[in-house]
Amino acid sequence: MGDHVVTLWTWNLGGFEIPITNVVVMSWIAMGVIILWAFLSTRKLRQVPRGLQNSAEIVVETLNNFAENNIHHGKSFAPYLGTIGLFLAISNTIGALFMTKLTNGIICPPTRTMAVPVALAIMTIVIAIGAGIKRKGIIGFIKRLFKPMAIMFPFNLLEFIIKPLSLSMRLFGNVFGAYVAMELLLDAIPWGLPAVACLYFDLFDGGLQTYVFVLLTTLYISEEVEIEEEEPEKKPFFEEVSA
Amino acid sequence: MELNNEFFVTLGITVLNIVVLFVVLRLLLFKPVTKHIDNRNKKIEDALKAAEESQKMVRQMKVEYDEKIKEAKEEGQKVIEMYRGMAEKEYNGIIDSAKAEADQIIENAKTELKVEKEQLITSMKEELAELVFAASEKVLKKNIDDDTNRKLISEFINEKSVS
């Protein structure tokens, strides 16, 4: 897959060998950071927010508004969008400050491995389909697959594969690309320039990819939840003229 | 196949991670913070509504007070007018009675003066009669009957004073 995955240890679960890779451990670290922040910032909620509570309120309110503005009755999707948003924000930027190079690839963004973006994309499409079925019912959801005309059915069905594929590939490609670019730059010019490039490749690009992923997730859910208005039946031309 | 195994295990663990993270963040972050923000917004809305109500009440009270002050002023004006009328009546009464009293005093004085004048005239007449009598006595050097002379002189004086 072109990525540097190291199995740190193995768990034996009922005869199944489960390899715990550095990617999984990095995901746990990212989760730990997020949970610690969430715990500390909401430990004692005050009427007038102070310190970390400000950040928690900004994040929650921004996500609530974002979900509400873009998805029909979207406030309930805010926690999911927040979860993947925060996870990606930490995961994509965890490789900053040359940690990947210094630790010989052990400390790396989890999203640099194909499995993580794929898992996130699959979850997104499953949630989008689930939301669509909940909103329109199973019949309504299946009917949508035949719109705008029946011949579109295979293409609409294909969308459920294309969407998560493009979502995961974009994320993986960007993070992996940034990693490769940084590796090459560090090999070519070890001093000075990589520090500046790191700001773009690790922080800016990581943040941008987080935003893109969350935005597309919102878009996909919104598409599935949306109910198209029935088009008014068009009168035959001669009737319109006579009217 | 080792890579595939790793891939699917990582994928499965990631899905599990995201589910756990979702549940934890929902319970720890989204629910309490959203509730907290909603409560605060409701409190602010309530406070604003209460302030608006109070302002409306104060405005209403001000209108009422203004009305009352206006009424009180009008009533006060009426009372002042009434008392002014009463005072004027009293004043006129006092002035009239004073005038009447003064007129009475003047009248009395005039009467007294008249009486005194008459008395004075009478005494002067008498004194004059005495004087004339004495003078006549001296002039005539003649002793005449006292009572007859006096009577003559008095009649003479009376005649003169009447004329």
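The values are calculated or read from the model by the stated rules, or taken from the named source; none is laboratory data. What you are looking at is a predicted structure, and each value in this text was computed from that prediction instead of being measured. Note that we place each Cβ from the backbone using ideal geometry, even for glycine, and neighbour counts take in every protein chain shown. Calculation scope for accessible area: heavy atoms of the full protein, side chains included, ligands and nucleic acids excluded. Shrake-Rupley method; radii C 1.70, N 1.55, O 1.52, S 1.80 Å.
Can you find a residue that is more than 10 Å from chain A (Cβ to nearest Cβ) and of a type in the set (S, T, N, Q) anywhere in segment B:50-59? For segment B:50-59, residues more than 10 Å from chain A (Cβ to nearest Cβ) and of a type in the set (S, T, N, Q): present.
Of the candidates B:Ile37, B:Ile80, the single residue that is more than 8 Å from every other protein chain (Cβ to nearest Cβ) and part of a helix (DSSP H, G or I) is B:Ile80.
If you go through segment A:38-76 and pick out every residue that is more than 22 Å from B:Arg40 (Cα to Cα) and in a helix (DSSP H, G or I), you end up with 1. Applying the criterion of being open to solvent by 30 Å² or more (accessible area, probe 1.4 Å) and of a type in the set (Ser, Thr, Tyr) to the residues of segment A:80-121, the residue that is modelled with the lowest pLDDT is A:Thr103. Each residue in segment A:46-78 was checked for being open to solvent by less than 10 Å² (accessible area, probe 1.4 Å) and free of Cβ contacts under 8 Å to residues at least 60 places away in the same chain, and 4 of them qualify. Residue pairs whose Cβ atoms lie under 9 Å apart, sitting 6 or more positions apart in sequence or on different chains, and linking a residue in segment A:112-133 that is more than 10 Å from chain B (Cβ to nearest Cβ) and farther than 18 Å from A:Gly85 by Cβ to a partner that is surrounded by fewer than 20 Cβ atoms within 10 Å (Cβ to Cβ) and of a type in the set (A, V, I, L, M), are A:Gly132/A:Val225. Filtered by the rule that a residue be open to solvent by less than 40 Å² (accessible area, probe 1.4 Å) and among the hydrophobic types (A, V, I, L, M, F, W, C), segment A:194-211 gives A:Ala197, A:Cys198.
Can you tell me which residue among A:Thr83, A:Thr62, A:Thr93 is of a type in the set (Ser, Thr, Tyr) and within 11 Å of another protein chain (Cβ to nearest Cβ)?
A:Thr83
Looking at segment A:30-51 only, could you name the residues that are farther than 14 Å from B:Leu28 by Cα and more than 10 Å from chain B (Cβ to nearest Cβ)? Passing the criteria: A:Arg50, A:Gly51.
Selection over segment A:145-166 of residues that are farther than 19 Å from A:Leu216 by Cα, free of Cβ contacts under 8 Å to residues at least 12 places away in the same chain and surrounded by 12 or more Cβ atoms within 10 Å (Cβ to Cβ) gives a count of 3.
Within segment A:1-29, restricting attention to residues that are open to solvent by 70 Å² or more (accessible area, probe 1.4 Å) and part of a helix (DSSP H, G or I), which residue is nearest to the other protein chains (Cβ to nearest Cβ)? Within segment A:1-29, the match that is nearest to the other protein chains (Cβ to nearest Cβ) is A:Trp28.
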